[in-house]
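Accompanying notes for the structure given below.
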Amino acid sequence: MIVVEDVHKHFGGFHAVDGASLAIREGTITGLIGPNGAGKTTLFNVIAGVLKPTSGRVTMAGEDITGLPPHTLFHKGLLRTFQIAHEFASMTVRENLMMVPGGQSGERIWNTWLARRRIAEEERVLQDKAEEVLEFLTIDHLADERAGNLSGGQKKLLELGRTMMVDARIVFLDEVGAGVNRTLLNTIGDAIQKLNAERGYTFVVIEHDMDFIGRLCDPVICMAEGKVLAEGSLEEIKANEQVIEAYLGTGLKNREMVGA
Amino acid sequence: MDLLNALVALSNFVLVPAIAYGAQLALGALGVTLIYGILRFSNFAHGDTMAFGTMATILVTWWFQSMGIGFGPLPTALLALPFGILACVLLLIGTDRAVYRFYRAQKAKPVILVIVSIGVMFIMNGLVRFIIGPGDQRFADGERFIVTARDFQAMTGLDEGLALKTTQGITVVTAVIVVAALFWFLNRTRTGKSMRAYSDNEDLALLSGIDPERVVLITWLIVGALATVAGVLYGLDKSFKPFTYFQLLLPVFASAIVGGLGNPLGAIAGGFIIAFSEVTITYAWKKVLGYSLPESLEPSGLVQLLSTDYKFAVSFVILLIVLLFRPTGLFRGKSV
């Protein structure tokens, strides 16, 4: 589905992503783990078009999508959420959902008066869809709440909801569980699994919570220092020596070498 | 003691003028607040934008008057208003294409855009003086009063008169219509919602596929209309002089900031707060107090807290107080 080939992203002298290559298979929920500063979010940003890679190639279903802007990728079905949830704070949850997808005919000012019927039709379709999404995510009681008043976890659910307003093919979730309580995290996990099973969404999840990764993700990819270290099931990753080294440091080993 | 006369005097000298002035400030502040919310900078050229729109309206008004076109008892300027709005919008969009778009593409910091807008202010200021001259222009025609003080006295038999100028009536009615239309637009139409979405979270709006250039264009369109309407109403009520409009920048900004920059509701509230403070503090209360207090307490002085020369100081002081104690404004605005 998505193939990343030898992507580098340098910020000045700092190599945030340093020759990462990986493949994400269609229909999987792939976990992306690694210590802080491993380059996970930077790689996300490169794939999602927020950052242009210094070198390397990203393809989606065989098509080269390297460096395409986010709204183009959006229309191709590649969506992402943010580490810190983004929302339209002054609008209600329902309105937030209905803003997706952009580019409706109602956004042209003349259409407001000249194409009332077409706009009403579009809005009705969007509204039906929004209701369906709200129900799916079990947040229909929050439909008329201002999005700015939601808790961190509810905002994450709303972000997931936004991806459901269009027929997404692949969704990148950046630390969807950060700062979210257990109960809500389970709801989010359920929604991800359901979307994956029922609608065939492919997910890529950056997460530090290993229970969450273990429950949802197969395969798991581990990054460190801008490179892909290992790929496999969570058990395999946990047993991988390089991975342990990346997380715990090489201190132990070095001490053995100098004989201390 | 004569409370009824006191009330009439209060209405005549404080309430009615302050409501009209407040409506004008509110319309001006709405423009400032929209630019701040959506384009993310404080537009110092707004006072001169109002001047340009008003100037264009005056020129068309004069042309209409010379051809003998009138609007009955209403001022001809109302007929000319759409043309003034058109001219103002064209100027704003031209300025955006020539100046602001360049800085937007650079993702310039808000403070740079503020400085740029000061440059634009000087150019617009010069343009207006060049075309119509720096002097005072009166362009109000039609019936001057809805109710004159003498009619009011004859009708009610009171000592005090209550005059209601046509321009004051028009100001309030127009302001109500414009504000209602604006809020309907922002809250009910898809175009308005996409503007609010862009104002709330630019990144997310882009990711959702909202076209930023279109949002910017529509913003200038609305701002041009608001600025022209505000300027023409102020000019009809008082008179038109380019320098006065430049000075209006302070109370207009004070209104927007007091209400909370970026918050349209706040801009309206702010406009009335500033207008009422300005008028009540610079009004000589002798007459009203003379009617409402027992004879023994009647004041001998004017009881004017501040000379009208210092009226701009009032908005400045309110601005300082609000910024000290509630930096985001009375209604929560946004900060960029």
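Overview of results
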quantity: Average projection area in nm² (convex hull over Cα atoms of region A:1-114, one quarter of hull surface); calculated: 9.9 nm²
quantity: Whole-angstrom Cα spans of the protein assembly as shown along principal axes, big to small; calculated: 103, 59, 48
quantity: Region A:91-139 - Rg over Rh from alpha carbon coordinates, Kirkwood radius; calculated: 1.04
quantity: Region B:259-329 - convex hull of alpha carbons, volume per residue in Å³; calculated: 103 Å³
quantity: Long-range amide H partners of B:Phe71 with built H, under 5 Å; calculated: B:Thr76
quantity: Helix axis angle, B:311-325 relative to chain B longest principal axis, alpha carbon, degrees; calculated: 60 degrees
quantity: Computed Kirkwood radius, in angstrom, where 1/r is averaged over Cα pairs of region B:1-137; calculated: 17.4 Å
quantity: Inter-chain Cβ neighbour average for residues A:67-74, partner chain, 10 Å; calculated: 3
quantity: CD proxy at 222 nm, helix term only [per DSSP H run n ≥ 4: -39500 (n - 2.57); per residue of the protein assembly as shown; nearest 500]; calculated: -18000 deg cm²/dmol
quantity: Distance from region B:91-156 to region A:17-49 (C-alpha centre basis), Å; calculated: 52 Å
quantity: Neighbouring partner chain Cβ atoms per residue of A:79-87, average, 10 Å criterion; calculated: 2
quantity: ³J(HN,Hα), Karplus 6.51/-1.76/1.60, whole Hz, each residue of region B:75-88, x for Gly, Pro; calculated: x, 4, 4, 5, 5, 7, 3, x, 5, x, 4, 4, 4, 5
quantity: Out-of-range pairs (alpha-carbon distance over 30 Å; input B:Lys109/B:Lys238; A:Lys227/B:Lys109; B:Lys165/B:Lys286; B:Lys107/B:Lys238; A:Lys76/A:Lys194; A:Lys9/B:Lys109); calculated: B:Lys109/B:Lys238; A:Lys227/B:Lys109; B:Lys107/B:Lys238
quantity: Region B:1-153: relative contact order in percent, alpha carbon pairs under 8 Å with at least 6 residues between; calculated: 30 percent
quantity: R0 of 51 Å, Cβ-Cβ distance B:Phe183-A:Met210: FRET efficiency to nearest 0.05; calculated: 0.55
quantity: Under 14 Å from the Cα of A:Lys238 - aspartates and glutamates, other chains or at least 8 residues apart; calculated: A:Asp209, A:Asp211, A:Asp218
quantity: Separation in nanometres of the label points that stand 7 Å from Cα toward Cβ, at B:Ala313 and B:Val14; calculated: 2.0 nm
quantity: Nearby lysines by direct alpha-carbon distance to B:Lys241 (threshold 18 angstrom, same-chain neighbours under 8 apart not counted); calculated: B:Lys311
quantity: Exercise: per-residue mean of other protein chain Cβ atoms within 10 Å, A:89-100; calculated: 4
quantity: Whole-Hz ³J(HN,Hα) from phi, Karplus 6.51 cos²θ - 1.76 cosθ + 1.60, for region B:240-249, glycine and proline x; calculated: 9, 8, x, 5, 4, 6, 4, 5, 4, 3
quantity: Sulfur and carbon atoms: percent of accessible area, region B:3-325 [1.4 Å]; calculated: 70 percent
quantity: Among B:Ala29, B:Ala205, B:Ala18, residue whose mean-square fluctuation peaks in a GNM of chain B (springs only between Cα atoms under 10 Å); calculated: B:Ala205
quantity: Protection proxy ranking, peptides B:259-265, B:63-69, average beta carbon neighbours within 10 Å, highest first; calculated: B:259-265, B:63-69
quantity: Principal-axis tilt of helix B:110-132 within chain B, Cα atoms, nearest 10 degrees; calculated: 60 degrees
quantity: Contact order relative to length of chain B, as percent, for alpha carbon pairs under 8 angstrom and 6 or more apart; calculated: 33 percent
quantity: Cubic angstrom per residue, convex hull over Cα atoms of region B:210-325; calculated: 147 Å³
quantity: Burial order of peptide ranges B:302-308, A:20-26 (average beta-carbon count within 10 Å, highest first); calculated: A:20-26, B:302-308
quantity: Amide H within-cut-off set for A:Gly56, under 5 Å, with H built and near neighbours excluded; calculated: A:His8
quantity: Low-density loop positions, trypsin sites (Lys or Arg not before Pro), region B:117-213 - DSSP coil, at most 14 other Cβ in 10 Å; calculated: B:Arg138, B:Arg144
quantity: Whole-Å semi-axes of region B:135-212's equivalent ellipsoid (Cα gyration tensor); calculated: 47, 15, 9
quantity: ³J(HN,Hα) computed for each position of region B:188-205 - Karplus, 6.51 cos²θ - 1.76 cosθ + 1.60, integer Hz, glycine/proline x; calculated: 10, 9, 4, 4, x, 5, 5, 5, 5, 4, 5, 5, 5, 7, 4, 4, 5, 4
quantity: Amide H contacts under 5 Å for B:Phe145, placed H, 5+ residues apart; calculated: B:Thr166
quantity: For chain A: span of alpha carbons on each principal axis (Å, largest first); calculated: 80, 40, 31
quantity: Interface burial for A against B (accessible surface, 1.4 Å probe, total of both chains, Å², rounded to 100); calculated: 2400 Å²
quantity: Principal semi-axes in Å for chain B [√(5λ), Cα gyration tensor, largest first]; calculated: 37, 24, 18
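The values are calculated or read from the model by the stated rules, or taken from the named source; none is laboratory data. These numbers come from a predicted model, not from an experiment. Note: ideal-geometry Cβ built from the backbone for every residue, glycine included; neighbour counts use all protein chains shown. We work out accessible area using only protein heavy atoms, side chains counted, and drop any ligands, DNA or RNA first. Shrake-Rupley method; radii C 1.70, N 1.55, O 1.52, S 1.80 Å.
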